[in-house]
Structure formats: C-alpha cells, structure tokens
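Please see the structure below; I have some questions.
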Amino acid sequence: MTGCALQHLDFDSAIFGRDVLRVVRPDSRRVQAELQEKSGALMVDAKLSSACFDQIAAFERLGFRRVATLITLEASPLSEPPEDIPDRSLQLSDNDLKHHAEGFVFQRFRQDSMIDSELAKEFMRLWITNSLAGRRETLARGSNFCTYCVTDQTLVIDLLSVIEPGRGIAGQLLQAIRSEGAARSATRVRVTTEAENSRALHSYVNAGFVPVMSETALHLVRDDAG
Ligand SMILES: CC(C)(COP(=O)(O)OP(=O)(O)OC[C@H]1O[C@@H](n2cnc3c(N)ncnc32)[C@H](O)[C@@H]1OP(=O)(O)O)[C@@H](O)C(=O)NCCC(=O)NCCS
C-alpha cells in the first residue's frame, strides 16, 4: 500500500459542510500533492510533534496555521476504589447537552478564527452525544461526566466535562477514572487537552497527572477551488 497522507473524516465533513481531512502521514510533499488533486472547499487538520520545528515550518509553507497546542498527560491507576461510586451512564437534557458543548471553549475548532463558532459548538454537541451513547464508556456524577475507552492496557479519557464548576467534581471524576484504570488492569491513564485550557490542566495536575507529550495542532481552511 502506498499510504495516503490525508484521510477523509465523514463525521466532521457532515457537520462543517465541506471535506474535512486529517493528516495521517506527516509528509508535507505528499500532503501538497494530494491537496493539488482536490477541488472545492475543504479543511485539513494536522497534529505534529511540537519539537519537530522543521516539519511544522514545512506545513506552514503550505498554508497551515497553528491553532492550538495539545498536551498529553498521564497518571498511574489507583488501587483504592472511589469514595462515591459514579454512575455508568448519563441521559442529558437538551439544555445540559448544549451547556456542556458550549463549555469546550478551548477545543481547537473553537480556537480557529476561520471556523464558524456555531458549527464548532455543534461538532462538540454531536461528539458528546456519540460519546455518551455508547461510543465510549461513561463515569458520571450528576450531570457531569468523563467518557473513556481502554485499549492496549491504557485507559484513554475522551471527554471530561463539568457544568457545576468549582465544586471539585472534576477532581472526583478523575480519581474515579484512575480507580477504573486499576479495575480494568490498565497500566496508565492518559488524556490530551489544549495547553490554553489552564483550568483543565490544573484539575489534571491536581489529580496526579503529569505532562508527557506536546503536539501542535494546525489547520488549513480553503473556501473554494483555489
Ligand atoms: C475543566 C473542568 C472539567 C474543571 O471542572 P471543575 O469541577 O470546576 O474543577 P475542580 O472544581 O475539580 O477544580 C477546579 C480547580 O481549577 C482552579 N481554577 C479555576 N479557574 C482556573 C483557571 N482559569 N486556571 C487554572 N486553574 C483554575 C480552581 O481554583 C480549582 O482549583 P483547586 O481545586 O486547587 O481549588 C471544567 O471547567 C469543564 O468542564 N470545562 C469545559 C470542558 C473542558 O475543557 N474539559 C477538559 C478538556 S477534555
């Protein structure tokens, strides 16, 4: 297989009303060649190691813009069970779902000034809906939740969202997630969030997570055949 550098994202394309592609092979020449074959409005999403300055510069020369820095943090699983057992499913009212979706103000589509913020909120609304509908597993406290999956002995957090801020609920959910990691024989618990999201970083560090990796998120938005 020659291996394409760009992968079409059906879910994202349906929401944004244009072809949304992800860079799956960070080869700028290959990306440029594949982009030349495409016409019409499109959006391309790349995540590159923040230490690869030359690679980032090569993408910027193609018209990609830096929109966010993504920090991956890890914690070890906790052998003690959580003090209060969280719920394993959650049905949100339309209003709470909207509230959660709007809370993700640092999500990279929301940080990109070239993307309609209402579409970026709709993207989060559908992502949360899918995540809670069984695409991921759930731990919930009231109307607040953390969704996750366990693969290759790693518990990966998909979304953490709290709509009753400042009551320590994020900290409680993260302790419960670390216990879940131990119960599922994971060797680590991992999450990726935006470096701009100081509140989330504070919650993760408070709950015992340490940063292990940083990536630069870049977008290329093209409005017409050009
Ligand atoms: C990030 C989030 C989960 C935190 O939830 P929370 O329940 O309010 O968090 P907690 O109450 O456990 O902790 C908040 C801590 O952050 C601190 N804090 C508040 N605003 C802060 C800021 N702007 N920067 C840094 N720390 C901040 C608080 O003082 C508190 O610290 P303390 O526990 O030492 O007193 C919540 O704000 C949220 O859902 N945000 C939107 C979704 C999101 O960004 N999720 C994370 C990415 S997946």
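Are there any helices (runs of 4 or more DSSP H) wholly within the range 108-226 with 3 or more residues that are within 16 Å of the chain's Cα centre (by Cα) and away from the ligand (no atom under 15 Å from the Cβ), and if so which?
It comes to 117-130.
I'd like to check something: does the range 143-153 contain any residue that is assigned by TED's automatic domain parsing to the domain that holds residue 182, farther than 24 Å from residue 84 by Cα and either crowded, with 19+ Cβ neighbours inside 10 Å or touching a Phe, Trp or Tyr at 6+ places or on another chain (Cβ under 7 Å) (or both)? Talk me through it step by step, then tell me what you get.
Going through the range 143-153, the residues assigned by TED's automatic domain parsing to the domain that holds residue 182 turn out to be 143-153.
With farther than 24 Å from residue 84 by Cα added as a condition, the list becomes 151-153.
Applying the additional criterion that residues be either crowded, with 19+ Cβ neighbours inside 10 Å or touching a Phe, Trp or Tyr at 6+ places or on another chain (Cβ under 7 Å) (or both) yields none.
Taking every residue of the range 143-153 in turn, none turns out to be assigned by TED's automatic domain parsing to the domain that holds residue 182, farther than 24 Å from residue 84 by Cα and either crowded, with 19+ Cβ neighbours inside 10 Å or touching a Phe, Trp or Tyr at 6+ places or on another chain (Cβ under 7 Å) (or both).
State whether the residues of the range 109-125 include one that is in the same structural domain as residue 144 (by TED's automatic domain parsing), touching a Leu at 6+ places or on another chain (Cβ under 9 Å) and either modelled with pLDDT under 95 or open to solvent by 50 Å² or more (accessible area, probe 1.4 Å) (or both).
Checking the range 109-125: at least one residue is in the same structural domain as residue 144 (by TED's automatic domain parsing), touching a Leu at 6+ places or on another chain (Cβ under 9 Å) and either modelled with pLDDT under 95 or open to solvent by 50 Å² or more (accessible area, probe 1.4 Å) (or both).
When you scan the range 179-196, do you find a residue that is open to solvent by less than 10 Å² (accessible area, probe 1.4 Å) and without any contact (Cβ under 8 Å) to a residue 60 or more places away in the chain, even just one?
No, because not a single residue in the range 179-196 is open to solvent by less than 10 Å² (accessible area, probe 1.4 Å) and without any contact (Cβ under 8 Å) to a residue 60 or more places away in the chain.
From the list 61, 135, exactly one residue is open to solvent by 70 Å² or more (accessible area, probe 1.4 Å) and touching a strand residue (DSSP E or B) at 6+ places or on another chain (Cβ under 9 Å). Which is it? If you could, list the steps in order and put the result at the bottom.
Details: 61 fails: touching a strand residue (DSSP E or B) at 6+ places or on another chain (Cβ under 9 Å).
The conditions single out 135.
Would you mind listing the helices (runs of 4 or more DSSP H) fully within the range 1-81 where at least 1 residues are in contact with a Pro (Cβ under 7 Å, 6 or more places away or on another chain) and touching a residue at least 40 places away in the same chain (Cβ under 8 Å)? Talk me through it step by step, then tell me what you get.
Values: elements: 10-16, 28-36, 53-61.
Answer list for the range 1-81: none.
So, one more: Identify all residues within the range 82-107 that are more than 11 Å from the ligand (Cβ to nearest atom) and either aliphatic (A, V, I, L, M) or part of a loop (DSSP other than H, G, I, E, B) (or both); write none if there are none.
Those that are more than 11 Å from the ligand (Cβ to nearest atom) and either aliphatic (A, V, I, L, M) or part of a loop (DSSP other than H, G, I, E, B) (or both): 82, 83, 84, 85, 86, 88, 89, 90, 91, 92, 93, 97.
The values are calculated or read from the model by the stated rules, or taken from the named source; none is laboratory data. This one's a predicted model, so the numbers in the text were calculated from it and none came from an experiment. For neighbour counting, all protein chains shown are included, and Cβ atoms are generated from backbone atoms with ideal geometry for every residue, glycine included. Remember, those area values only see protein heavy atoms, side chains included, never the ligands or the DNA or RNA. Shrake-Rupley method; radii C 1.70, N 1.55, O 1.52, S 1.80 Å.
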